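One structure is given here, and the rest of the page talks about it.
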């Protein structure tokens, strides 16, 4: 289209949209009502789009592997240069999209925004041509008939619609199961769009637990981002390598080999970024997440932030209002990007010597509880710390029944930075032990 200059970041987005259209029937079905071939700025992507939609019109599903057969049929009508570039594109399809490991909702939203922008670009280019030709009547006709791509609707859902039901029951990708055994039974699975927080007094291992949950996420091949606000990148990296190699000594050659082996299997699923404490805002983090997704093509599903209370948001507000603003924004981050956000929070002073954390122990502003989907308590006496054990309980949960007095005991080895080697349900004898400790 004359007069339209290509934006430098649009190429990757267009390729990702076409890839999702090739491999994901659900994505294709949702994007079909607003899609125009002209939305794509590159001719070979326009052709691929047309082939995909023709196939969908006949079979009501994405072409997937059939795209190769379609390409072979179309070859005689293509120029040599087109054949070469389409062959290269199909050979290098993003494997994360092919395997379903991408954030569908986020890509849909990006696609809608991009298509709407393209609608305006094409409108303005055509309008400029008509202005240059003094064709006022045709310009009025163009403007009156213009309707940009829009996702606006009433947002009321018919939940007994067959398609809705099918999507709900098959969409296990929204569930993020991090723990097994007794701890898995206590906490259950988490889900995208959730804000989950650990809560404990200072020096109770909140960073160890966040690191543990990030590693468990990548072991399940979830693309994961870890934001560290308190520890340096070097320090957190040392912890992670001790954890994944089960060795406190990083200088040993066999330990290095284990680290390299682990990295070859799971390294591509993790990105870490360090910000100085009390300097980064959520706006800063969201900007960098945009760059990570748009420029690097890293479609993350889990975001860990160590930890929320030391973000720099809310300058000029009192501490209670500052924290309330931060936790609201964290919940918005989870919902708007369709990701699981995990962070941590400090308890108040009264909880330092308590054997079991409850909602009233929330530091500064109890409204944090209102914003989270799940709050997990980290409980540990000095004797338990010496013995390498900790107790966890559910302080709050929006989506399942919980009992604040039910606890799980975990075995720890912080020498290798592992806060959860094994877990079991706390028994009456464990609570009797705590009672005796408190009365010594």
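What follows draws every value from the coordinates through simple rules; no lab data is involved. None of these values were measured; they are calculated from a predicted model. Cβ: placed from backbone, ideal geometry, glycine included. Neighbour counts: every protein chain shown.
Some values worked out for this structure:
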quantity: Relative contact order (percent, whole number), the stretch 1-116, Cα cutoff 8 Å, 6+ residue spacing; calculated: 34
quantity: Distance (nanometres) between label positions extended 7 Å along Cα→Cβ at residue 69 and residue 281; calculated: 5.5
quantity: Average Cα contact separation per residue, the stretch 234-312, under 8 Å, 6 or more apart, as relative contact order %; calculated: 24
quantity: Globularity index of the chain, i.e. its alpha-carbon radius of gyration over 2.2 N^0.38 Å; calculated: 1.17
quantity: Helix axis angle, 253-266 relative to the chain longest principal axis, alpha carbon, degrees; calculated: 40
quantity: Shape category assigned to the stretch 227-281 from the gyration tensor of Cα positions, a/c cut at 1.5; calculated: oblate
quantity: Efficiency of FRET between residue 438 and residue 325 - r from beta-carbon atoms, R0 41 angstrom, step 0.05; calculated: 0.65
quantity: Two-site label geometry, residue 34 and residue 116: point separation in nm, points 7 Å out along Cα→Cβ; calculated: 0.7
quantity: Helical mean residue ellipticity (222 nm; -39500 (n - 2.57) per DSSP H run of 4+; nearest 500) of the chain; calculated: -15000 deg cm²/dmol
quantity: Rounded Å value of the spacing that divides the Cα centres of the stretch 400-419 and the stretch 228-267; calculated: 23
quantity: Inter-site label distance for residue 336 and residue 141 at 7 Å from Cα along Cβ, in nm; calculated: 4.2
quantity: Packing rank of 421-433, 197-209, 22-34, where each peptide gets the mean count of other beta carbons within 10 Å, highest leading; calculated: 197-209, 22-34, 421-433
quantity: Alpha carbon convex hull of the stretch 10-144, volume per residue in cubic angstrom; calculated: 132
quantity: Angle in degrees between helix 233-245 and the longest Cα principal axis of the chain, rounded to the nearest 10; calculated: 80
quantity: Extension gain from residue 288 to residue 82, taking 0.36 nm per residue of separation minus the Cα-Cα distance; calculated: 70.6 nm
quantity: Rounded FRET efficiency, nearest 0.05, which uses the C-beta distance separating residue 413 from residue 252 and R0 of 25 Å; calculated: 0.90
quantity: Average Cα contact separation per residue, the chain, under 8 Å, 6 or more apart, as relative contact order %; calculated: 16
quantity: Beta bridges by DSSP in the stretch 174-438, antiparallel share as percent, to the nearest 5; calculated: 45
quantity: C-alpha long axis of helix 104-132 to longest principal axis of the chain, angle in °; calculated: 30
